[in-house]
Amino acid sequence: MTDTVTDVNTGEAVVFWVCAILAVAGAAGMVLSRKAVHSALWIALTMINLAVLYVANSAPFLGMVQVIVYTGAVMMLFLFVLMIVGVDSSDSLIETIKGQRLAAILLVLGIGTMLVWGIGNALAETSDIGLEEANAAYGGNVQGIANLIFTKYLIAFEVTSALLITAAMGAMVLAHREHWSPPPSQRELSEQRFSGDGVKGNLPNPGVFARHNAVGTPALLPDGSTSEASIPEPLRARGDVPPIDHTDVDEVQQITEGRTE
Amino acid sequence: MNPSNYVMLSAVLFSIGALGVLVRRNAIIVFMSVELMLNAANLAFVAFSRMNGNLDGQVVAFFVMVVAAAEVVVGLAIIVTIFRTRRSASIDEPNLLKY
Amino acid sequence: MSALLTATTVLSETTEEFELPSINYSAIAPILIIFGAAIVSVLVEAFAPRRARRPLQLVIVLGSVIAALVVVVSLAGTFLITAEGAIAVDGPTLVMQGTLLVVSLLGALLMAERTIDPLGDAFAPRASALPGSEDERQFTERGYLQTEIWPFFLFALTGMLLFPAANDLLLMFVALEVMSLPLYLLAGMARRRRLLSQEASLKYFLLGAFSSAFFLYGAAMLYGYSGTVSLTGIAAALSAKPGEGALVTIGVALLLVGLLFKIAAVPFHQWTPDVYQGAPTPVTGFMAATVKIAAFGALFRLLYVGLGGMQWDWEPVLWIVSILTMVVGSIVAITQTDIKRMLAYSSIAQAGFILVGVVAVSREGLAGSMFYLIAYAFTTIGAFAVVAMVRDASGEATHLSKWAGLGKKSPLVAGVFAVFMLALAGIPLTSGFIGKFSVFTAAIASGATWLVIVAVGASLIAAFFYARVIVLMFFSEPTENTASVVVPSAFTTVALAAGATVTIVLGIVPQPVLELVSNADVFIR
Amino acid sequence: MTMLMPAEGVFSLIWVLIALPLAGAAILLFAGRRTNSWGPYLGVLTVLGSAVIGVLMLLEMMQQPADGRTYGQELFTWIQVGGFSADMAFQLDQLSIVFVLLITIVGSLIHVYSLGYMAHDKDRRKFFGYLNLFVAAMLLLVLANNYLLLYVGWEGVGLASYLLIGFWQHKPSAAAAAKKAFIINRVGDVGLSLAIMLMFVTFGSVSFQDVFGVADQASEGTLTAIGLLLLLAACGKSAQFPLQAWLLDAMEGPTPVSALIHAATMVTAGVYLIVRSNVIFTAAEWAAIAVIVVGLITMWMGAIIGSAKDDIKKSLAGSTMSQIGYMITAAGLGPIGYVFAIFHLLTHGVFKAGLFLGAGSVMHGMNDNVNMRRYGALRSAMVITAGTFIVCYLAIIGIPPFDGFFSKDDIIHASFERSPIIGVLAMLAAGLTGFYMTRMVAMTFFGKARWEDDVHPHESPKVMTIPLIILAIGAAFLGMALVYWGDIESWLEPVVGFEENPLPLASWVYEATTLALVLIGVAIGWIMYARREVPVEAPRGTVLTRAAREELYGNQVNDVLVVQPTHYASRSLVWFDNKAVDGFVNGSAAFVGGLSGRMRRYQTGFVRSYALSMVGGVLLVVLALVLVRMS
């Protein structure tokens, strides 16, 4: 920055330090959180702060794109996938590969030190030309970028379309579950149901005649036994069926048979 | 303020990203760490763009965002596929190929 | 924040006009043809009826590759930089592109094969169906084919063609990704042993993304140093202000890491055996041959054009990497028991030998490396074609013990495979010998005698494990475990025959190709 | 070097010499079963064709002045890389024409013989294909005008030999022998490839013309290194100590193969290499001395082994080693010996081929039994075989006027010219030759019949005996003809040089002493094996006999040095799979295998470990760059 107006510089310094600290905190939080969702939120923090830093570096367009693409789209995609994989899946932070963590920390410290030290040395007295001229050349930051994209980097721009197509098709190939036959119509479903041995009518509702009408409580059949079928499948699969309290069952039977103590 | 601070910040973020790749086992977090590394590179490009006084760096950063978006889609698709067969997103578990 | 303010205030004072970029379309026609074909093939996937897709795709793929090849041949002698400095079309570019196209043609033939496996081609009928599920069984029974592999193939090829031609770091990065993303996907789509295949895909993807992050950061450093991402500009900056240190050092190192990863140099090689083993064999063959060519092409351009001025800095680094690569690749290959893994380590070792030519830093070295790449590519794709044909009840029989006595059961196929092994080992009258020879002589001529001595030692060790396979095939008795060779359709037969023919012809009359590469060993700057 | 003459007239056919058998091989091997009926005859014809061309060339060459007998023919540039170029080009001179004739004429005879010997083999066509391939490769070896092309022929004969030793793959011993030959030969090949590299580094070229032209400008150290590497190569191919172990096992191949490849031609390639490189050895004294030492050791080893083996082919193989030891010794002597090395090579090629084919004929009549203790008194059962065998026998032990007398005595002479120690050793070995060859003849054709019950010895068909007769005639007269009529010394002199040193005693003294020693050997052999009863079961024997039967423990030595480590390497797999990483370091013999097994463990299958090693690599690359920058 060639101009010597100190308060502008101070302003930038404040922005920088606030955002830098937040960004590093976000990055560290991502690495340290046990839960994947927390990690995602932490890195979103980093990305927003980076957006601010872009703007501070005369890159307003990139700042916006960063918010829209990264924080908006990419992180949402991550969150979606986290939903699929299980939101509360958490990593145990105990390292299983022997020596991995120590070696990783040492190596990364080595590289980090080298990068920071090297960059610090190289850029100690660097020029800061600023982008005023470049931005102005075509009438603004966006125009300047557009000019470059459609001249110097036109081929790269065109070819990125290959990436996007690949990505879309790849996601479809891997994730889209195609069916080998058309889905059964309602008629077919109902025919299937009535031709089988299973229950033809409605399944019993859970909690009927029970003291609880919670969805996890099995229904009581007329003969006094309980019905597994009355509990929603996901709960059964998870083994979340509460044990049946037989005192309750007895009590209900007494009521239905009209006996009173 | 010396703009090289931005580049140093980017180096720090880059290193943290690399560390994340090395120590986390959840494939999604590993992948987030890679994204962090790309973001760090972007920050460096943007800062250098300003220091060099041309917009090329910003354009590169823009392209990186596009590339990263595509990469994320493919990567997450692969992770989801693996998750569906293995019921796990840990990258240590697919470990049949070795030695 | 002043920048933002000024940026908005000067909106009206435009000083420059937008000028249309000048692009020599005929010079980049090969890339455009393949790119266009890729898009057409996506449209075919979208709109053509299922039964028509495979034939249509084959026509598109084979047709476009041949057309592009014709264009590359007709471009011979072109020497220009186009697309505003982004693409360089010169000797090395055209040699690499031509080789890539021919080898891809063979790769496409292997991928099109569906006689070998009684269930269909080498790819999962639906990559999205769970392995072993009812869905998958139904898809297999109904003969579904995942024809999306073809657009992926073409997109990957687009990236590969662009990679050695890219004259700025941005385009190089984009090309790298365009090449890699489809390969990550293809690696995970094997019909049999899907778990391995998916694992390969995941590993390839994560490590690939990791390495491209390094590449990118390296590019950022060089941009910071020189204010441009164009290789020519970087070269100019290097000569204008030599001695300026850290940014260049870090940038070069990280860029090298990204490229060395793709060529599978030690210590960036560990993905190779896992991915080669897990990926569907035709993809492995395709990938082993082409990625190496493309990545070496980019490495050549980066080193010779962009970083030619600091040759003394990167040369020793490549010395070390080359020695490590040769030695580790050769040694670890000895104890491999899976043929695909063994070939993977072999490809690592071969990368080391090619690097010897790069280290020579001379026109001879470049020509030698290009020759070696050509020889290696054909041999490798042929070898994987054989691997795909050797099968038992559970699919491909990749365990080496199942190859024992194969020479007696199927002498012809085993003989052809032996030729490939001899070529990889560098025995005279095969292309591998000439390749090694030209690379080594170039290195000796530039004074890297010690490196060549190490290389000869490594190739000795390597010869041992190649010979081991031959001995196993021809000098052990077949057991009930021995796999049998399935008679393939014309697709694989043609690819195999082409691989074998090139391997032998390049060993006996290499001169035309040697002349070709030595006429094409100058980069445009 | 003499000037190269352009190849005109009959000499323009040099390439045809090689192309004919090569075409034969290609047709036989690729055309498949269709050629089963006529293929073998085609194989014979191609070699015969080459032989005819060779003879025509010899006649034409003899018309030319002595310094105009070197012809060069350039087909095309084979490899040209930068400053380096190697042509697909041939050089025909006095030395190579001699080899061409040996290869094609003996080769033709052996082809004809094989028609009978292999008549009942179902893979006959393939056999002739391999034989043709061998002849083509061998011709390429001797006709090449540069070391690289020579190397191609060198590998080619190795390949053909490998295929032919293992021809009867159904015998595990044959497969094992082929494997062994392959591996040991590779060691020698490494020597040759390193020598070529070193030559290129030193002289900037690998063509004979260039290398020999500037050889004297190189330092003696370099020349010695090149010489020793060439010697290593020669040891591998010619079965010289310490790489001799494969030759005896190679006898597992069909007998015509033993005759052609492992007696007459391929095993002499080492001698050719050394003689061809005479300029280098003349300039590198220590390398030449190493050649002599190797030759002497092998000469004795072979003779001792030959004296103890009961297997007729292995005994002959021992004799081959010994005789090649003579040639190598002669080649080490320098200009006084080169000519005689080649001379002996020629005569040996003829009579040893005769001996092997004779042995094959005996086996043919004895149901393929090779144990001499089961022979005896065969002279009446197979008259022609016995007659020709005995002629060749007289030739090898050096009874005048048969071949060996001239060639071997010349070598002994030359040895004395160099040093009495070498001379005495060579002379004594001649006595030993007399012993073991007499033993063989006595055990086979004389004494009592010790045949197994179901054996009915009979003479072989004409197609086999006629080549025997021709070879016997050669064994009887070739030596004389070459000395008195052919004047081989002055014939070869322009290529290899020739000089004679004065001897302290008159030359007939050496000849008489040698002859006396040979006769003593013959007498001992005769008394022990023809006059006395030969037990059917081999007696335990003395220490020396037992050692000799064990091939002087060459196999055991190899076992410890080469085979065990290999086994270790493969066993390491099992070891490591049992997670026994620790104890393994001890096996230093299995260094590479162990290293491999260890390094393999770093491939843990964990993505994160791979990423870790990548980061390590990044650090390494950056540090290396920084170090380079600072230095």
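What follows draws every value from the coordinates through simple rules; no lab data is involved. Predicted model only: the values in this text are computed from it and were never measured. Neighbour counts are summed over all protein chains in view; Cβ atoms, including those assigned to glycine, are modelled from backbone coordinates with ideal geometry.
Some observations on this one:
- Peptides D:607-614, B:79-86, C:280-287 ranked from most to least packed, by the mean per-residue count of other Cβ atoms within 10 Å: C:280-287, D:607-614, B:79-86.
- Förster-model FRET efficiency, 25 Å R0, A:E178 and A:I84, C-beta, rounded to 0.05: 0.85
- Relative contact order (%) - criterion: Cα under 8 Å, at least six apart; region: chain D: 12
- 17 Å Cα-Cα reach of D:K408 towards lysines, excluding residues that sit fewer than 8 places from it in its own chain: D:K352
- Hz values of 3J(HN,Hα) by residue in region C:209-222 - Karplus curve (6.51, -1.76, 1.60), Gly and Pro given as x: 5, 4, 5, 6, 5, 4, 4, 5, 5, x, 4, 4, 4, 5
- Contact order normalised by residue count of region C:21-518, Cα under 8 Å, 6+ apart, percent: 15
- Highest to lowest packing among C:120-129, C:172-181, scored as the average C-beta count within 10 Å: C:172-181, C:120-129
- Listed peptides D:436-449, A:140-153 by packing density, highest first (mean Cβ within 10 Å): D:436-449, A:140-153
- Take each residue of peptide D:167-174, count the partner chain Cβ atoms within 10 Å of its Cβ, and average: the result is 2.
- For D:A144, nonlocal amide neighbours, meaning residues 5 or more places apart or on other chains whose placed amide H falls under 5 Å from its own, are D:Q91.
- Mean separation of Cα contacts under 8 Å (6+ apart) over length of region D:232-310, as relative contact order %: 32
- Estimated inter-spin distance, C:L62 and C:V522, nm [label 7 Å along Cα→Cβ]: 4.0
- Computed from the Cβ-Cβ distance with R0 of 51 Å, the FRET efficiency linking C:T501 to D:Q217 stands at 0.75.
- Where only DSSP H runs of four or more residues are counted, chain D gives -22000 deg cm²/dmol as its mean residue ellipticity at 222 nm, each run worth -39500 (n - 2.57).
- Whole-angstrom gap from region D:357-397 to region D:484-523, using each part's C-alpha centre: 30
- Distance in nm between pseudo-label sites at A:L109 and D:E8 (7 Å out along the Cβ direction from Cα): 8.4
- Theoretical gain in end-to-end length, D:S507 to D:M599 [0.36 nm per residue, Cα-Cα removed]: 26.6 nm
- Peptide D:285-294 shows a mean partner chain C-beta count of 0 within 10 Å per residue C-beta.
- With Cα atoms, 0 to 90° folded angle of helix C:431-445 axis to chain C main axis: 40
- Model label points for A:N202 and C:A236, set 7 angstrom from Cα along the Cα-to-Cβ axis, are 8.1 nm apart.
- Equivalent ellipsoid of the protein assembly as shown: semi-axes from √(5λ) of the C-alpha gyration tensor, largest first, are 71, 40, 28 Å.
- Computed [θ] at 222 nm, helices only, for chain C once each DSSP H run of length n ≥ 4 contributes -39500 (n - 2.57): -23500 deg cm²/dmol
- Note that region C:407-422 has calculated 3J(HN,Hα) couplings of x, 8, 6, 9, x, 5, 5, 4, x, 4, 5, 4, 4, 4, 4, 4 Hz, one per residue in order, obtained from phi through the Karplus relation 6.51 cos²θ - 1.76 cosθ + 1.60 (θ = phi - 60°); glycine and proline are x.
- Residues in region D:53-93 reached by a label modelled at D:A23 [backbone nitrogen below 20 Å; 7 Å Cα→Cβ]: D:53-57, D:73-76, D:89-90
- Between helix B:4-23 and chain B there is an angle of about 10 degrees, using the helix long axis and the longest principal axis of the Cα atoms.
- Taking amide H positions as modeled 1.01 Å from N, with prolines and chain starts lacking one, the residues under 5 Å from C:N24 and 5 or more places away or on another chain are C:A83.
- Take each residue in C:262-274, count the other chain C-beta atoms within 10 Å of its C-beta, and the mean is 5.
- Nearest-ten-degree value, helix C:311-334 long axis tilted from longest Cα axis of chain C: 10
- Taking every DSSP helix (H) stretch of at least 4 residues in chain B, weighting each as -39,500 (n - 2.57) and dividing the sum by the residue count yields a mean residue ellipticity at 222 nm of -27500 deg cm²/dmol.
- Partners for B:K98 among lysines (Cα-Cα distance below 24 Å; same-chain residues under 8 apart left out): A:K98, C:K203, C:K262, C:K292, C:K340, C:K402, D:K579
- Proximity of backbone amide H atoms, modeled 1.01 Å from N, is registered between D:D311 and D:M372 at under 5 Å, excluding neighbours fewer than 5 places apart on the same chain.
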